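Asks: Just passing along the structure, written as structure tokens.
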Amino acid sequence: MTENSDTILTQLPARLKDARRSQGLSLDAVARLSGVSRSMVSQIERGESSPTIATLWNLTRALQVDFAGLLDGAAAAARIELLRAADVPTIDNLGSGCRIRILSPPEEAGKHEVYEVSFEEGGALDSQPHSRGAREHLTVIAGTISVTSGEDTQRLLAGDTARYAVDVPHRIAATNGPARIFLVVHGG
């Protein structure tokens, strides 16, 4: 075995035990959920028995932990996904005089989207209705913004936050010079 394999086998019992405890499960509960006997689960957690791949698979499914992540080690859980400013996806052709930086991961599209929007003086973002029940949460970081949702319009200054329906036509515009906002969109 390689040194890495030895490390995995040494740390596996503690990882399984930590996963079980973090979910507040007893040995009996894990045995019932996994089909692995209570005594075998206990032996594996104490490092007295090395599980087969099938046994390990059953335990990870019962504990709802990632099989590969469990074997990769604690480093997998501690990894930080980092996008440098230059790598953040940006949209420049939506609206006029505005730049939209997409801060949320792609898999969240339509559910929970996070944006930073920068407006030039007079810049605006006009949007058609989103899905029924959708809402936006907007905070002004710098400048002055007007927000229109349906027939209602409000003026916001730096530090102000507005929450409004976006299942109607809506508009965000810089009203007095350049502006910057933080925008969260919740799908309906």
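Asks: With n ≥ 4 as the cut-off for DSSP H runs, can you work out [θ] at 222 nm for the chain, using -39500 (n - 2.57) per run divided by the number of residues, rounded to the nearest 500?
Replies: Calculated from helices alone, the mean residue ellipticity at 222 nm is -9000 deg cm²/dmol.
Asks: Compare the Cα positions of S22, S118, H130 along the charge dipole of the chain (+1 at Cβ of Lys, Arg; -1 at Cβ of Asp, Glu; about the Cα centre) and return the one farthest towards the positive end.
Replies: S22
Asks: Okay, next question. Quick one: with all protein chains in place, what share of the accessible area of the chain is carbon or sulfur, to the nearest percent (1.4 Å probe)?
Replies: So the carbon and sulfur contribution to the accessible surface is 50 percent.
Asks: As an exercise, find the ratio Rg/Rh for the chain from alpha-carbon atoms, using the Kirkwood inverse-distance average for Rh.
Replies: Rg/Rh: 1.24.
Asks: With a 1.4 Å probe and every protein chain left in place, work out the accessible area per residue of region 40-188 in Å², rounded to a whole number.
Replies: 59
Asks: Taking a cut-off of 18 Å, what percent of all Cα-Cα pairs in region 95-188 are separated by more than that?
Replies: The answer is 39 percent, as a whole percent.
Asks: Still on this structure: Please label the shape of region 80-145 as rounded, prolate or oblate, based on the square roots a ≥ b ≥ c of the eigenvalues of the alpha-carbon gyration tensor (a/c under 1.5 means rounded; beyond that, a/b larger than b/c means prolate, else oblate).
Replies: Oblate, since a/c reaches 1.5 and b/c is not below a/b.
Asks: A follow-up question, please. In debye, nearest 20: dipole of the chain around its Cα centre with unit charges on the Cβ of K, R (+) and D, E (-)?
Replies: Around 640 debye, computed over the chain.
The values are calculated or read from the model by the stated rules, or taken from the named source; none is laboratory data. Computed from a prediction, not measured in an experiment: that's the story for all the values here. Note that we place each Cβ from the backbone using ideal geometry, even for glycine, and neighbour counts take in every protein chain shown. When the accessible area is computed, the model is the full protein with side chains, heavy atoms only, and any ligands, DNA or RNA have been set aside. Shrake-Rupley method; radii C 1.70, N 1.55, O 1.52, S 1.80 Å.
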